[in-house]
Amino acid sequence: MKETLFYNPFAAECVAVSRLIVIFLLFFCASAQADVRVLTSIKPLQLIAAAVQDGVGMPEVLLPPGASPHNYALRPSDVRRVTEVDLLYWIGPDMESFLPRVLKSRSLPTVAVQTLPGLTLRHFGEGEAHADGDEHDHDHQPGSLDAHLWLLPANARVIAERMAVDLAAADPTNAARYQANLMAFSERLTALDQRLKTRVAGVAGKPYFVFHEAFDYFESAYGLQHAGVFSIASEVQPGAQHVAAMRERLQQAGPTCVFSEPPLRPRLISTLSEGLPVRLAELDALGGKEIAVNAQGYEQLLETLGNELVGCLEAL
């Protein structure tokens, strides 16, 4: 008996759709596998990387909000990420002293940005003013490198240029996109620099004090200068004579601002400022939770820093 075959258009259509789905999934998986995993030690570097990777990928960050880059304790999951990611960027041993030991086991590209040619670098002790009897925290010794280098837009441009080169080498398909993102970021940095110069122009010369010597790059770029640093090692309880000397500096300054850094406000700050015309505020060099990770995140970091500083000084 001869078998009769029937054509089922519905079944044929299902097969065609299934093939399209398979092709799409294969393409999607191939694209996902082609993504370059970028890990930065701290959020400011993540924000610069996000500008370069815009539309292609999202960089990761090692330190959670509020963690100190000077003495962070790596978890096993952190060590795995450090070992596995395609590209890793950190400031260098002058900032993340906990990283060098772990990086010895890493074979993939790693960049300590403090070593990049073209950076403007500062060292502690360059024209700084300190409160009497203060102590340098975090090994901020005179003559040592000031590793808070991301707070200068010109340095962010140098870092972004290196990231664009590295990403293009790791992902040639998107090389043109990385270069376009770099150019757009560079143009935005030029505009940001002009906005910041205009924003701070009215408060130059007004006295203020900080609890952590982290802002010299920003200050030197925009004509600002802190009047003193109340830098106290966390394990040291300042004596009465020390506190009296710092309080005298505040009295001599008259109306002034004292800036601490989140997430913690030093308990000493209330003792120092009680009864004096002192305004208390915060400056966050790392960005914290408030700064979104996107192509404009770095500009937001610096503008927020400028607005907090100027806002306090304008209110004196």
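Values quoted throughout were computed directly from the atomic coordinates according to the rules given, and no laboratory measurement underlies them. Since we're looking at a predicted model, the values are computed, not measured. For neighbour counting, all protein chains shown are included, and Cβ atoms are generated from backbone atoms with ideal geometry for every residue, glycine included.
Quick one: what are the phi-derived ³J(HN,Hα) couplings along region 299-306, Karplus 6.51/-1.76/1.60 with θ = phi - 60°, whole Hz, x for glycine and proline?
Calculated HN-Hα couplings, in order: 4, 5, 4, 6, 5, 5, 4, x Hz.
Full extension from Ala73 to Arg101: what is 0.36 nm times the residue separation minus their Cα-Cα distance, to one decimal in nm? Kindly include the intermediate steps, with their values, before the conclusion.
On the way: separation 28, 0.36 × 28 = 10.08 nm, distance 1.21 nm.
8.9 nm is the gain from fully extending Ala73 to Arg101.
In percent, how large is the relative contact order of region 168-302, given Cα pairs closer than 8 Å and 6 or more residues apart? Walk me through the numbers before you get to the answer.
Details: 121 pairs, mean separation 28.1, N = 135.
Relative contact order here is 21 percent.
Given H placed 1.01 Å from N in the peptide plane, which residues other than close sequence neighbours of His123 have an amide H under 5 Å from its amide H?
Asp146
Report the semi-axes of the equivalent ellipsoid for region 33-314 in whole Å, largest first, where each axis is √(5λ) for an eigenvalue λ of the Cα gyration tensor.
Working: eigenvalues 246, 93, 44 Å².
They are 35, 22, 15 Å, listed largest first.
Using Cβ contacts closer than 10 Å as the measure, can you line up Met163, Met246, Met58, Met183 from fewest to most? Please list the in-between numbers first.
On the way: Met163 27, Met246 22, Met58 14, Met183 11.
Going from least to most buried by this count: Met183, Met58, Met246, Met163.
Where does the charge balance sit around Glu60 when Lys and Arg score +1, Asp and Glu -1, over other residues with C-beta under 9 Å from its C-beta?
Details: positive: Arg37, Arg81; negative: none.
Result for the neighbourhood of Glu60: +2.
How much length is gained if the chain between Thr304 and Thr110 is pulled fully straight, taking 0.36 nm per residue apart and subtracting their Cα-Cα distance, in nm to one decimal?
Numbers: separation 194, 0.36 × 194 = 69.84 nm, distance 2.97 nm.
Separation in residues times 0.36 nm, less the Cα-Cα distance, equals 66.9 nm.
How big is the Kirkwood radius of region 196-316, worked out from every pair of different alpha carbons and given in Å to one decimal?
One decimal place: 15.2 Å for the Kirkwood radius.
Taking amide H positions as placed in the peptide plane 1.01 Å from N, state which residues far from Thr40 in sequence (5 or more) or on other chains have amide H under 5 Å from it.
Those qualifying (amide H under 5 Å, at least 5 residues apart or on another chain) are Glu60, Val61, Leu62, Tyr89.
Taking 0.36 nm per intervening residue step and subtracting the Cα-Cα distance, what contour gain separates Arg279 from Arg199 on full extension? Show your work: numbers first, answer last.
Numbers: separation 80, 0.36 × 80 = 28.80 nm, distance 1.96 nm.
Residue separation times 0.36 nm, minus the Cα-Cα distance, leaves 26.8 nm.
To make sure I understand, if each residue's beta carbon is the centre and we count other beta carbons within 10 Å, what order do Arg122, Arg101 fall in, fewest to most?
Details: Arg122 18, Arg101 9.
In increasing order of surrounding Cβ atoms, one gets Arg101, Arg122.
Tell me the net charge near Val36. Cut-off is 9 Å between Cβ atoms, Val36 excluded, with +1 for each Lys or Arg and -1 for each Asp or Glu.
Values: positive: Arg37; negative: Asp35, Asp86, Asp166, Asp171.
With Lys, Arg at +1 and Asp, Glu at -1, the neighbours total -3.
Can you list the residues of region 107-127 with backbone N under 12 Å from a point 7 Å past the Cα of Thr83, pointing along Cα to Cβ?
107
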